[in-house]
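The values are calculated or read from the model by the stated rules, or taken from the named source; none is laboratory data. Keep in mind that what you see is a predicted model, and the values were worked out from it rather than measured. Cβ: placed from backbone, ideal geometry, glycine included. Neighbour counts: every protein chain shown.
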Amino acid sequence: MHLQKIEKLKNGNQLFIFFSNDKGRGKNNCTIQLVESTEKRKLVAKMTKKVLAEVYTTSWNGDINFSKAVQSKLGIDVNDIKSYAKIKISDAKIKNQNEVAMSLGFEKLKLSINKKNPNVVGVVTKEQLIKYVEQIYYKGWFDRQIFDLKEKIYGVSTKTRK
């Protein structure tokens, strides 16, 4: 769920979201604090004076793990967030953009196959090859997203060292 740095709750309290830049922190790269409505957000989480509840969780590229377990530790529900409807719409748009990007990437591959293989290829028709490549491409796209997430959470690097 993509939350802002300050989220207002329907009961008047607030959620403060603090992101960490530490690559190797694993499960603790996002701090969510439940505070009263009069509290002002500080620069870092440690400076907040009156914290009603605090949870450490994971986040990736602004997408916070706001699971049922996190919600129960904070004593709130997603429906308690005033801007929940907007957040849902925003998350749906982000997911849709990823799917469109994936689709466009596949269309580029498909055009390349059609251009390089104007006739039937061996015993496989162009349509069969396109369908197979589409399945492989989609699988690779989703696997890469999952790998990127694991790289962020567990600190596994794909880059070679010099």
### Task
Keeping to region 87-105, report how many residues are within 21 Å of SER37 (Cα to Cα) and either outside any helix (DSSP H, G or I) or without any contact (Cβ under 8 Å) to a residue 60 or more places away in the chain (or both).
0
### Where a residue in region 32-44 is without any contact (Cβ under 8 Å) to a residue 24 or more places away in the chain and its partner, wherever it lies, is part of a strand (DSSP E or B) and among the acidic types (Asp, Glu), with Cβ under 7 Å and at least six apart
GLN33/GLU54
### Query
Residue check: is LYS150 modelled with pLDDT of 75 or more and either on the phi > 0 side of the Ramachandran plot or in a helix (DSSP H, G or I) (or both)?
no
### Message
Every residue in region 26-54 that is in contact with a helix residue (DSSP H, G or I) (Cβ under 9 Å, 6 or more places away or on another chain) and over 14 Å from GLN14 (Cα atoms), please.
### Response
GLY26, LYS27, ASN29
### Query
Just to be sure, is PHE106 over 26 Å from ASN11 (Cα atoms), within 23 Å of the chain's Cα centre (by Cα) and modelled with pLDDT of 75 or more?
yes
### Task
For region 75-86, enumerate the residues that are under 15 Å from ILE64 (Cα atoms) and assigned to a helix (DSSP H, G or I).
VAL78, TYR84
### Message
Would you confirm whether or not region 59-75 contains a residue that is loosely packed, with under 14 Cβ neighbours inside 10 Å and of a type in the set (D, E, K, R)?
### Response
yes
### Query
So which of LYS110, LYS95 is surrounded by fewer than 12 Cβ atoms within 10 Å (Cβ to Cβ) and out of contact with any Gly (no Cβ under 6 Å at 6 or more places or on another chain)?
LYS95
### Query
Filter region 1-35 for residues that are in a loop (DSSP other than H, G, I, E, B) and exposed (fewer than 12 other Cβ atoms within 10 Å of the Cβ); which is modelled with the lowest pLDDT?
ASP22
